[in-house]
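Shown next, in structure tokens, is the structure this report addresses.
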Amino acid sequence: MANGRNQSVNKMSPRQKMINLMYIVLTAMLALNVSSDVLNGFSQVADSLERSNRIITARNQGLYLALQQFNEKNPVNGKKFLAQATDLRAKSDMLYSYIDSLKFEIVKEADGENADVHNIINRDDLEAAAHVMLTPGTGRGPELRAKIDAFRTYVTGLINDKYMKDNIAQALSTDNRNTKGGENGEELSNKKWEEAMFENMPTIAAVTMLSKLQNDIRYAEGQVLNHMLSEGDEPAHPEPVIENITPAPPVPLQGDSFEAFVCPQSSIVMKGSRYSADIVMAAIDESHRPVVVVNGQRITNGHYEVGASTPGTHNYSGYVTVTDRNGKTYKREFQSSYTVVEPMATIQATMMNVFYAGIDNPVSIGVGGVPGSNISATMTNGTLTKSGNGWVARCSKVGAECEISVSAEVNGKRISVGSTKFRVRKLPDPLPYLSVGDNRFKGGRIAKASLMGASGVGAAIDDGILDIKYHVVSFETVFFDSMGNAMPEVSSGGGFSERQRAAIKNLKHGKRFYISRIKASGPDGITRDLPPLEIIVN
């Protein structure tokens, strides 16, 4: 049998041997479908998530310590919340560590016994994550989904704020996913969560997704701890019925003691602004405590505290009544406001300060303690415009830096608060596909009916980070006759020509052809040569 095969190869003409060699080369080129730029991007995102996870973990530890201090000062209310917080921390730590073990298993599957999660060698391995997470009977994916479901149910049961519940449920959702990109370009609906997460996923991408899941777990833990702190000491006294209230001019009252109080507008001020505070002397009479009512609710010991769950400016008002030693009651009204801003942290990956030329780059700009309406920003080497709650940067020149400068209005005065430089790069090369309805078929086997319905060749960057369509300028199809002769046909634009459609129509089951010499132009105006597609009639 071996001699027979060798004789058959020896009888091949030089031309047929060249055709076979071209087929092998094209097949190898089609296998290189994960670009190094995409892998590097996932590595940088994974590093940024690791830093963010360490910051959130430290912040949650601070919240836990605050609950311990609250319990020491107010054990009646604090005991229950501290017990819940201790149990929450144990469960979140256990789930976080479990996900760490899954990362190591996936990297070990890809790199072997000397695997290092922080230095992955075979980042583009498409089998490791699926083997660890999806192998029937031993895959860890269903177990991970069950643990997340249990944790989500437990966490949302600790809070009664609907807005917060919905946010946590969405962050930790394991619902089935709708995906596209089946063998024939059809839509794959109702795909299991673990399959959408780990099927055909490069090792570095799977590790990044698991780090994002750890970030969501720490976020949910922090939300609940914040909720416990805000709910722990809410007063439960009904509004009192006060009679004999006599509005009157200020009357000196006797007191057991006098104390000085400092009432600042804010204990945190921005560089360039001014610190402002009122310093007053107050008389304290232990036998005639004042009654303080805020928004119709009596508060304890004159201490007003409320959960800050909704961003924006919030107004409140009320009154204070006090009775002197002669039994006469005085009433004074008051009103004030406070501003809630979204929590934010400055987390910056130094290697990721990159904008792409020719497209809109979304930018989030925030200044702690300053509403978005009071923030302004400008940019060099391009334009920066406000868009909804964010900004859009559009760069001009590739290779040059652009700098975003931010200023804010604080206490009626505009001050500069900082600037950041970004590198400007051209967009990475897109990948070609056949437009089959609303689906993108990227090569392989396809039903002839679907192939005949294809409108032509398209191109796009759809790597999960960018989603940018390109205009196909031209392409060439290569068919083979019964003698193995190549028959190229050139098309101008992205649509099939009549001759190309006729050749496709005559293809039989199992036959293949190639789409090569694809040229596409992107929003940056650069025309690029794209890799070929191999199409097999199913």
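The values are calculated or read from the model by the stated rules, or taken from the named source; none is laboratory data. Just so you know, these numbers come straight off a predicted model, no measurement behind them. Positions of Cβ are generated from backbone atoms using ideal geometry, with glycine treated the same way; all protein chains shown enter the neighbour counts. Heads up: the accessible areas ignore ligands, DNA and RNA and are worked out on the full protein's heavy atoms, side chains in. Shrake-Rupley method; radii C 1.70, N 1.55, O 1.52, S 1.80 Å.
Observations
- Among residues of segment 357-409 being of a type in the set (V, I, T) and in a loop (DSSP other than H, G, I, E, B), the one that is modelled with the highest pLDDT is T380.
- When G318, G296, G327 are checked against the criterion of being more than 30 Å from I365 (Cα to Cα) and at pLDDT below 70, G327 stands alone in meeting it.
- I106 vs. criteria aliphatic (A, V, I, L, M), closer than 21 Å to A46 by Cβ and loosely packed, with under 15 Cβ neighbours inside 10 Å: no
- Of all residues in segment 434-473, those that are out of contact with any Gly (no Cβ under 8 Å at 6 or more places or on another chain) and over 19 Å from G522 (Cα atoms) total 10.
- Elements of type strands (runs of 3 or more DSSP E) in segment 434-514, at least 3 residues being open to solvent by 20 Å² or more (accessible area, probe 1.4 Å): 467-480, 486-492
- For segment 388-402, a residue qualifies if it is under 19 Å from R423 (Cβ atoms) and under 24 Å from the mean Cα position of the chain (by Cα), and the qualifying residues are W391, V392, A393, R394, C395.
- Selection from segment 122-145 of residues that are open to solvent by 60 Å² or more (accessible area, probe 1.4 Å) and either free of Cβ contacts under 8 Å to residues at least 60 places away in the same chain or of a type in the set (G, A, S) (or both): E127, H131, P136, G137, T138, P142, E143, R145
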